[in-house]
1. Does the stretch 120-127 contain at least one residue that is assigned to a loop (DSSP other than H, G, I, E, B) and closer than 24 Å to LEU34 by Cα?
2. Where residues in the stretch 20-54 are assigned to a helix (DSSP H, G or I) and touching a residue at least 12 places away in the same chain (Cβ under 8 Å), which of them is farthest from PHE77 (Cα to Cα)?
3. For the stretch 84-118, which positions are assigned to a helix (DSSP H, G or I), modelled with pLDDT under 95 and crowded, with 16+ Cβ neighbours inside 10 Å?
4. Is there any pair linking a residue in the stretch 119-135 that is under 18 Å from LEU75 (Cβ atoms) to one that is among the charged types (D, E, K, R), with Cβ under 6 Å and at least six apart or on different chains, and which?
5. Please determine, by comparing only the residues of the stretch 43-83 that are at pLDDT 95 or above and of a type in the set (Asp, Glu), which one is surrounded by the most Cβ atoms within 10 Å (Cβ to Cβ).
Amino acid sequence: MAELSEVLATITGSSGTNSFDVTDIKHPDALFALAFDDTGRPIGCGALRPLEHGIGELKRMYARSGTQGVGRALLAFLEERARELGYRQLWLETRKVNQRAVNFYQSRGYQVINNYGRYQGRDDAICFAKDIRLSIKKQTP
């Protein structure tokens, strides 16, 4: 988490720590995920917390620079767990200047939405949402 905060401060000028409280993940419909390399060294993290009924919020997403597929794996894991917990959508915020994150979320089906909550009126913020419900394919007889 400290490494993530340092990276965010370099990119955006803010560590992002003011928008996440560790007690948020003590909720039964919340979780914090860690990714480890083969030696047991942490190389990524991400959190899921309830935002509104049926809507979860992704927080503290991070994959160490130089790793491959860690962010994708963490996001897939969090989306799957969110579905299991009954969430219909996931929302998140990042800074517009963090183009790597913006591109990452857009490439994974997240759509820009109006800024919500504490991000309303913040021109430096960009918010995303994704409907995570599994589409049920019609079976033919």
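The values are calculated or read from the model by the stated rules, or taken from the named source; none is laboratory data. Since the structure is predicted, the reported quantities are computational estimates derived from the model, not experimental observations. Cβ coordinates were reconstructed from backbone atoms using ideal geometry, including for glycine residues, and neighbour counts include every protein chain displayed.
1. As a first pass, look at the stretch 120-127 and keep what is assigned to a loop (DSSP other than H, G, I, E, B): 120-124.
Next, from what is left, pick out any that are closer than 24 Å to LEU34 by Cα: none.
No - not one qualifying residue is present in the stretch 120-127.
2. From the stretch 20-54, those assigned to a helix (DSSP H, G or I) are 22-26; that's our starting set.
Applying the additional criterion that residues be touching a residue at least 12 places away in the same chain (Cβ under 8 Å) yields 24-25.
Details: ASP24: 19, ILE25: 16 Å.
Once the filter is applied, the top-ranked residue is ASP24.
3. ALA101
4. That search, which allows pairs on different chains as well, returns ILE126/LYS96; CYS127/GLU93; ILE132/GLU79; ILE132/ARG83; ARG133/ARG88.
5. Of everything passing the filter in the stretch 43-83, GLU57 is surrounded by the most Cβ atoms within 10 Å (Cβ to Cβ).
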